[in-house]
1. Pro90 fails exactly one of the following numbered conditions: (1) part of a strand (DSSP E or B); (2) at pLDDT below 95; (3) surrounded by 14 or more Cβ atoms within 10 Å (Cβ to Cβ). What is the number of that condition?
2. I'd like to verify a number: residues in the range 55-64 that are without any contact (Cβ under 8 Å) to a residue 60 or more places away in the chain and surrounded by fewer than 21 Cβ atoms within 10 Å (Cβ to Cβ), how many?
3. Identify all residues within the range 58-90 that are among the polar types (S, T, N, Q) and under 23 Å from Glu100 (Cβ atoms); write none if there are none.
4. If Glu133 passes every condition in (1) without any contact (Cβ under 8 Å) to a residue 40 or more places away in the chain; (2) part of a loop (DSSP other than H, G, I, E, B) but one, which one does it miss?
5. Give me the pairs: first residue in the range 84-103 and at positive phi, second residue among the basic types (Lys, Arg), beta-carbon distance under 9 Å, and six or more apart or on different chains, which are they?
6. Can you pull out the residues in the range 111-120 that are surrounded by 12 or more Cβ atoms within 10 Å (Cβ to Cβ) and either at negative phi or of a type in the set (Phe, Trp, Tyr) (or both)?
7. With (1) modelled with pLDDT under 85; (2) polar (S, T, N, Q); (3) outside any loop (DSSP other than H, G, I, E, B) as the list, and Ser31 as the residue in question, which single condition is left unmet?
8. If you take the residues in the range 126-139 that are touching a Ser or Thr at 6+ places or on another chain (Cβ under 7 Å) and open to solvent by less than 80 Å² (accessible area, probe 1.4 Å), which one is farthest from Lys51 (Cα to Cα)?
Amino acid sequence: MLAKSLVIFIVIGVVSGFAYGVYLMDVKNTSQLVFVDGPSISLVTEKFDFKKGEAIKIRVVNSGTTPLTFSDTSYGLRITGLSGILMYTPVGAPVISNLEPGDEIVLFWDQIRNDGNVALEGLYKISAKGTDEKGNSVEKSTTVTIWK
(Lines give C-alpha, C1' and ligand atoms only; values in the text may rest on other atoms or scores of the structure.)
Protein backbone atom coordinates (compact mmCIF):
# COMPACT_ATOMS: atom_id res chain seq x y z
CA MET A 1 0.00 0.00 0.00
CA LEU A 2 1.10 3.54 -0.68
CA ALA A 3 1.44 5.96 2.17
CA LYS A 4 -1.41 8.41 2.52
CA SER A 5 0.92 11.42 2.17
CA LEU A 6 2.40 10.01 -1.06
CA VAL A 7 -1.06 9.68 -2.61
CA ILE A 8 -1.89 13.26 -1.57
CA PHE A 9 1.34 14.58 -3.14
CA ILE A 10 0.69 12.67 -6.38
CA VAL A 11 -2.86 14.02 -6.62
CA ILE A 12 -1.67 17.58 -5.93
CA GLY A 13 1.05 17.19 -8.59
CA VAL A 14 -1.38 15.94 -11.24
CA VAL A 15 -3.90 18.71 -10.52
CA SER A 16 -1.15 21.36 -10.49
CA GLY A 17 0.26 20.09 -13.79
CA PHE A 18 -3.17 20.21 -15.39
CA ALA A 19 -3.82 23.76 -14.12
CA TYR A 20 -0.40 24.96 -15.32
CA GLY A 21 -1.00 23.40 -18.75
CA VAL A 22 -4.32 25.21 -19.10
CA TYR A 23 -2.62 28.46 -18.08
CA LEU A 24 0.12 27.99 -20.71
CA MET A 25 -2.48 27.32 -23.39
CA ASP A 26 -4.00 30.73 -22.62
CA VAL A 27 -0.60 32.47 -22.58
CA LYS A 28 0.54 31.02 -25.91
CA ASN A 29 -2.36 32.29 -27.95
CA THR A 30 -2.46 30.68 -31.39
CA SER A 31 -4.87 33.16 -33.00
CA GLN A 32 -2.39 35.59 -34.49
CA LEU A 33 -4.62 37.15 -37.14
CA VAL A 34 -7.80 38.79 -35.89
CA PHE A 35 -9.55 41.46 -37.95
CA VAL A 36 -11.19 44.26 -35.93
CA ASP A 37 -13.01 47.53 -36.48
CA GLY A 38 -10.62 50.46 -35.97
CA PRO A 39 -6.83 50.48 -35.93
CA SER A 40 -5.11 47.11 -35.51
CA ILE A 41 -1.93 45.36 -36.51
CA SER A 42 -1.25 41.61 -36.49
CA LEU A 43 1.97 39.60 -36.65
CA VAL A 44 1.72 36.17 -38.23
CA THR A 45 4.41 33.48 -38.28
CA GLU A 46 3.93 30.12 -39.96
CA LYS A 47 4.56 28.35 -36.63
CA PHE A 48 5.71 29.09 -33.08
CA ASP A 49 8.68 26.72 -32.73
CA PHE A 50 11.71 27.03 -35.00
CA LYS A 51 14.93 25.07 -35.30
CA LYS A 52 18.16 26.94 -34.75
CA GLY A 53 19.24 28.59 -38.01
CA GLU A 54 15.82 28.27 -39.66
CA ALA A 55 14.55 31.45 -41.35
CA ILE A 56 11.51 32.96 -39.63
CA LYS A 57 8.91 34.40 -41.98
CA ILE A 58 6.99 37.27 -40.35
CA ARG A 59 3.88 38.77 -41.91
CA VAL A 60 2.92 42.25 -40.68
CA VAL A 61 -0.79 42.67 -41.45
CA ASN A 62 -3.03 45.71 -41.09
CA SER A 63 -5.93 43.83 -39.50
CA GLY A 64 -7.98 46.95 -38.83
CA THR A 65 -10.17 49.27 -40.84
CA THR A 66 -7.90 52.33 -40.83
CA PRO A 67 -4.58 52.93 -42.62
CA LEU A 68 -1.39 52.58 -40.56
CA THR A 69 1.79 54.62 -40.95
CA PHE A 70 5.33 53.51 -40.10
CA SER A 71 8.45 55.66 -39.76
CA ASP A 72 10.53 53.51 -42.14
CA THR A 73 10.47 50.42 -44.34
CA SER A 74 11.14 48.07 -41.39
CA TYR A 75 7.48 48.56 -40.35
CA GLY A 76 8.45 49.04 -36.70
CA LEU A 77 9.59 45.42 -36.42
CA ARG A 78 11.67 44.56 -33.34
CA ILE A 79 12.81 41.21 -32.01
CA THR A 80 13.80 41.09 -28.36
CA GLY A 81 14.55 38.52 -25.74
CA LEU A 82 11.90 38.18 -23.05
CA SER A 83 14.06 40.38 -20.84
CA GLY A 84 13.51 43.21 -23.34
CA ILE A 85 17.05 43.27 -24.73
CA LEU A 86 16.93 44.17 -28.43
CA MET A 87 18.23 41.33 -30.61
CA TYR A 88 17.26 42.41 -34.12
CA THR A 89 15.67 45.20 -36.11
CA PRO A 90 15.72 45.06 -39.91
CA VAL A 91 17.55 47.84 -41.69
CA GLY A 92 14.93 50.04 -43.25
CA ALA A 93 15.12 53.04 -45.48
CA PRO A 94 13.99 56.23 -43.70
CA VAL A 95 10.89 56.52 -45.85
CA ILE A 96 7.37 56.82 -44.46
CA SER A 97 5.58 53.51 -45.14
CA ASN A 98 1.84 52.87 -45.14
CA LEU A 99 -0.31 49.76 -44.81
CA GLU A 100 -3.89 50.06 -45.98
CA PRO A 101 -6.57 47.91 -44.28
CA GLY A 102 -6.04 44.26 -45.23
CA ASP A 103 -2.56 44.88 -46.68
CA GLU A 104 0.47 43.00 -45.46
CA ILE A 105 4.23 43.00 -45.76
CA VAL A 106 6.48 39.94 -45.40
CA LEU A 107 9.81 40.16 -43.60
CA PHE A 108 12.33 37.42 -42.77
CA TRP A 109 14.69 36.94 -39.83
CA ASP A 110 17.60 34.56 -40.39
CA GLN A 111 18.24 34.36 -36.62
CA ILE A 112 21.29 36.61 -36.90
CA ARG A 113 21.30 39.36 -34.27
CA ASN A 114 22.21 42.98 -35.00
CA ASP A 115 25.71 42.38 -33.60
CA GLY A 116 26.31 39.59 -36.17
CA ASN A 117 26.09 36.69 -33.72
CA VAL A 118 23.66 33.81 -34.12
CA ALA A 119 20.63 33.91 -31.82
CA LEU A 120 20.72 31.34 -29.02
CA GLU A 121 17.98 28.89 -28.17
CA GLY A 122 15.15 30.47 -26.24
CA LEU A 123 11.96 32.47 -26.35
CA TYR A 124 11.85 35.66 -28.44
CA LYS A 125 9.27 38.43 -28.64
CA ILE A 126 8.49 39.82 -32.10
CA SER A 127 6.72 43.18 -32.11
CA ALA A 128 5.66 45.80 -34.64
CA LYS A 129 4.62 49.36 -33.96
CA GLY A 130 2.96 51.94 -36.15
CA THR A 131 0.53 54.85 -35.86
CA ASP A 132 -3.03 55.29 -37.01
CA GLU A 133 -4.41 58.31 -38.87
CA LYS A 134 -5.02 60.15 -35.55
CA GLY A 135 -1.41 59.67 -34.43
CA ASN A 136 -2.21 56.99 -31.85
CA SER A 137 0.33 54.21 -31.40
CA VAL A 138 -0.72 50.75 -32.61
CA GLU A 139 1.43 47.84 -31.43
CA LYS A 140 1.23 44.06 -31.45
CA SER A 141 3.59 41.29 -30.39
CA THR A 142 3.90 37.53 -30.53
CA THR A 143 6.44 35.06 -29.21
CA VAL A 144 8.43 32.33 -30.94
CA THR A 145 10.78 29.68 -29.59
CA ILE A 146 14.11 28.70 -31.09
CA TRP A 147 15.21 25.12 -30.36
CA LYS A 148 18.44 23.25 -31.07
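The values are calculated or read from the model by the stated rules, or taken from the named source; none is laboratory data. Remember, it's a predicted structure, so these values are computed and weren't measured experimentally. So basically every Cβ, Gly included, is an ideal-geometry build from the backbone, and we count neighbours across all protein chains shown. The area values use the complete protein model at the heavy-atom level, side chains included, leaving out ligands, DNA and RNA. Shrake-Rupley method; radii C 1.70, N 1.55, O 1.52, S 1.80 Å.
1. (1)
2. Taking the range 55-64 first, the residues without any contact (Cβ under 8 Å) to a residue 60 or more places away in the chain are 55, 57, 59, 61-63.
Okay, now just the ones that are also surrounded by fewer than 21 Cβ atoms within 10 Å (Cβ to Cβ), so 55, 57, 59.
Qualifying residue count for the region: 3.
3. Looking only at the range 58-90, we keep the residues that are among the polar types (S, T, N, Q), and these are 62-63, 65-66, 69, 71, 73-74, 80, 83, 89.
Asn62, Ser63, Thr65, Thr66, Thr69, Ser71, Thr73, Ser74, listed by residue number.
4. Failed condition: (1).
5. Gly84/Lys125
6. The first filter runs over the range 111-120 and keeps only residues surrounded by 12 or more Cβ atoms within 10 Å (Cβ to Cβ), leaving 111-114, 119-120.
Of everything in the range 111-120, those that are surrounded by 12 or more Cβ atoms within 10 Å (Cβ to Cβ) and either at negative phi or of a type in the set (Phe, Trp, Tyr) (or both) turn out to be Ile112, Arg113, Asn114, Ala119, Leu120.
7. The one condition Ser31 does not meet is (3).
8. Going residue by residue through the range 126-139, those that are touching a Ser or Thr at 6+ places or on another chain (Cβ under 7 Å) are 126-127, 129-133, 137-139.
Those still in the list that are open to solvent by less than 80 Å² (accessible area, probe 1.4 Å) too: 126-127, 130-132, 137-138.
Values: Ile126: 16, Ser127: 20, Gly130: 29, Thr131: 33, Asp132: 35, Ser137: 33, Val138: 30 Å.
Step by step, filter the range 126-139, then rank; the result is Asp132.
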